[in-house]
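Participant: The structure is given below, and queries will be raised subsequently.
All of the numbers you see were taken from the coordinates with simple rules; none came from a lab. As the structure is a prediction and not an experimental result, all values here were calculated from the model. Backbone-built Cβ (ideal geometry, glycine too); neighbour counts: all protein chains shown.
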Amino acid sequence: MKKLFASFFFPIPLTLALLAAGLLLVHAKWLKFQHSKQIGKIAVVLSALLFLLYSMYGWYPTMKLEYKCEPLHVTQELADGAPYVVAVFGNSYIFDKTLPPTHRFQTVMSTRMFEAARVAHELQQLGIDYTVAVSLPIPQDFQQDFPKEFRLADARYYCGLFGIPPEKVEMIADNCRNSKDEIREFAKYNRKLIIVSSATHVPRLMILAEKCGVEAIAAPAAMDFDRNCPPNGRPIVQNLEFLRQAAYEFLGTLQYKLFW
């Protein structure tokens, strides 16, 4: 539902709906209520202003989300809470056996795996016990050709590039439909979690972990912005996608807070 709402109502469809309503009020002669043309003109102007605002500053809510959880600096102080589960929340996987194992993780998942391997390597260097647990659910249609063991081998290969032993890398159940299912699977380890996901997604996952009674530390990956040198406010299409991502995360957070 969150994805549906964020995709179809915010930000572009909302401005287009406002524009369409404004044009209807201006040109539909059968609408006879008072001030319909004036209201229509206001709606047209407002839709244009919103589109310009979104395209110039749509990055801002996303940047604020990214810096809600600071990047994890692994220190000896973490040893007090050992052992840890480095919990990698799932994203897209490419169903092509001709590709090298590292290339079967799409960009977002690859950055999450990189962050997880970095954290695990630093824990290992400090002698802190850990397990890397990866979530990578795929559609049922592909599970015969790309079974859990095959995807686990890819994850172990990737982590092995950072010196992580294969026995330290595991994969949770394949039946997770959403983040709530994933956090419940990670909680079965009965250990403190180090949550690894995209920087914009981690704040919502931390709230979810708290709601589930799971102790967790954030390890955000894939940051897009430098808060000391933010974008200059040029109108570009990419800012619309940034705003859609922020809207999706906001709706998810609101759902957890209101309907848990």
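Participant: Measuring from a point 7 Å past the Cα of residue 241 along Cα-to-C-beta, which residues in segment 96-116 have an amide N at less than 16 Å?
Facilitator: 106-111
Participant: Then there's this: Enumerate the calculated ³J(HN,Hα) couplings along segment 70-82 in order (Karplus 6.51 cos²θ - 1.76 cosθ + 1.60, θ = phi - 60°), each rounded to whole Hz, writing x wherever the residue is Gly or Pro.
Facilitator: Here the 3J(HN,Hα) series is 6, x, 7, 9, 6, 10, 4, 4, 5, 4, 5, x, 5 Hz.
Participant: Given only helices, namely DSSP H runs of n ≥ 4 each adding -39500 (n - 2.57), what is the per-residue ellipticity at 222 nm of the chain, to the nearest 500 deg cm²/dmol? Show your work: numbers first, answer last.
Facilitator: Values: 9 runs with 127 residues, N = 260.
It lands at -16000 deg cm²/dmol.
Participant: On to the next question. Give the calculated FRET efficiency between residue 178 and residue 52 to the nearest 0.05, with a Förster radius of 30 Å applied to their Cβ-Cβ distance. Please list the in-between numbers first.
Facilitator: Values: r = 35 Å, r/R0 = 1.15.
E between residue 178 and residue 52, to the nearest 0.05, is 0.30.
Participant: So if I take the alpha carbon set of the chain, get Rg, then get Rh from the Kirkwood formula, what is the Rg over Rh ratio? Don't skip to the answer; put the middle values down first.
Facilitator: Working: Rg = 22.3 Å, Rh = 20.5 Å.
For the chain, the value is 1.08.
Participant: If you don't mind, another one. For 19, 24, which order do you get if you count the other beta carbons within 10 Å of each Cβ and list the fewest first? Working shown, then result.
Facilitator: On the way: 19 18, 24 13.
Sorted ascending by nearby Cβ count, the order is 24, 19.
Participant: From the square roots a ≥ b ≥ c of the eigenvalues of the alpha-carbon gyration tensor of segment 158-229, which class results: rounded (a/c under 1.5), prolate (a/b over b/c), or oblate?
Facilitator: Values: a/c = 1.92, a/b = 1.12, b/c = 1.71.
Oblate, since a/c reaches 1.5 and b/c is not below a/b.
Participant: If packing is taken as the average number of other Cβ atoms within 10 Å across a peptide's residues, how do 34-42, 218-226 rank, most packed first? Working shown, then result.
Facilitator: Numbers: 34-42: 13.4, 218-226: 19.3.
Answer by packing, highest mean first, reads 218-226, 34-42.
Participant: In debye, nearest 20: dipole of segment 70-221 around its Cα centre with unit charges on the Cβ of K, R (+) and D, E (-)? Working shown, then result.
Facilitator: Values: 16 positive and 19 negative charges, 45 e Å.
It comes to approximately 220 debye.
Participant: Same structure again: Enumerate the whole-percent occupancy of each 5 Å bin, from 0 to the last occupied one, for all C-alpha pair distances of segment 49-95.
Facilitator: 4, 13, 11, 14, 14, 13, 13, 8, 5, 4, 1
Participant: Can you sort 197, 92 by how many other beta carbons sit within 10 Å, fewest first?
Facilitator: Details: 197 31, 92 14.
The fewest-first ordering by Cβ neighbours comes to 92, 197.
Participant: For segment 56-129, what does the relative contact order come out to in percent, with C-alpha contacts under 8 Å and a separation of six or more?
Facilitator: Details: 41 pairs, mean separation 26.8, N = 74.
The value is 36 percent.
Participant: On a full-extension model of 0.36 nm per residue, what is the gain between residue 26 and residue 190, subtracting their alpha-carbon distance, rounded to one decimal in nm? Intermediate values should be presented prior to the final figure.
Facilitator: Numbers: separation 164, 0.36 × 164 = 59.04 nm, distance 6.18 nm.
Full-extension gain reported as 52.9 nm.
Participant: Classify segment 117-191 as rounded, prolate or oblate from the Cα gyration tensor: take a ≥ b ≥ c as the square roots of its eigenvalues, call it rounded if a/c is under 1.5, otherwise prolate when a/b beats b/c and oblate if not.
Facilitator: Working: a/c = 2.94, a/b = 1.45, b/c = 2.03.
Oblate, because a/c is 1.5 or more while a/b does not exceed b/c.
Participant: Could you tell me the relative contact order of the chain? Use alpha-carbon pairs under 8 Å, at least six residues apart, and round to a whole percent.
Facilitator: Values: 399 pairs, mean separation 69.6, N = 260.
Dividing the mean separation by the residue count of the chain yields 27 percent.
Participant: Please give the helix 238-259 orientation as an angle from the longest Cα principal axis of the chain, in degrees from 0 to 90, rounded to the nearest 10.
Facilitator: Compared with the principal axis, the helix lies near 80 degrees.
Participant: Let me ask something else about it. With the contact rule set at Cα under 8 Å and sequence spacing of 6 or more, what percent relative contact order holds for segment 106-260?
Facilitator: On the way: 157 pairs, mean separation 33.3, N = 155.
The value is 21 percent.
Participant: Set the bar at 23 Å for Cα to Cα. Now go through 41/64; 64/168; 168/188; 64/257; 148/211; 68/192 and name every pair that lies beyond it.
Facilitator: Numbers: 41/64 34 Å; 64/168 34 Å; 168/188 16 Å; 64/257 19 Å; 148/211 29 Å; 68/192 20 Å.
Checking Cα-Cα distances, 41/64; 64/168; 148/211 exceed 23 Å.
Participant: Calculate how large, on average over all directions, the projected area of the Cα convex hull of segment 191-260 is; give the answer in nm² to one decimal.
Facilitator: Average projection, Cα convex hull of segment 191-260: 5.6 nm².
Participant: Determine, for 119, 85, the number of other Cβ atoms within 10 Å of each Cβ, and report the residues in order from fewest to most. Write down the numbers at each step before the final one.
Facilitator: Values: 119 26, 85 23.
The order, fewest Cβ neighbours first, is 85, 119.
Participant: To the nearest 20 debye, what is the magnitude of the charge dipole of the chain about its Cα centre, counting +1 on the Cβ of each Lys and Arg and -1 on the Cβ of each Asp and Glu? List each step's numbers first, then the result.
Facilitator: Details: 28 positive and 24 negative charges, 293 e Å.
With Lys and Arg at +1 and Asp and Glu at -1, about 1400 debye.
Participant: I need the calculated FRET efficiency for the pair residue 226 and residue 153, taking r as the beta carbon distance and R₀ as 45 Å, to the nearest 0.05.
Facilitator: Approximately 0.80, to the nearest 0.05.
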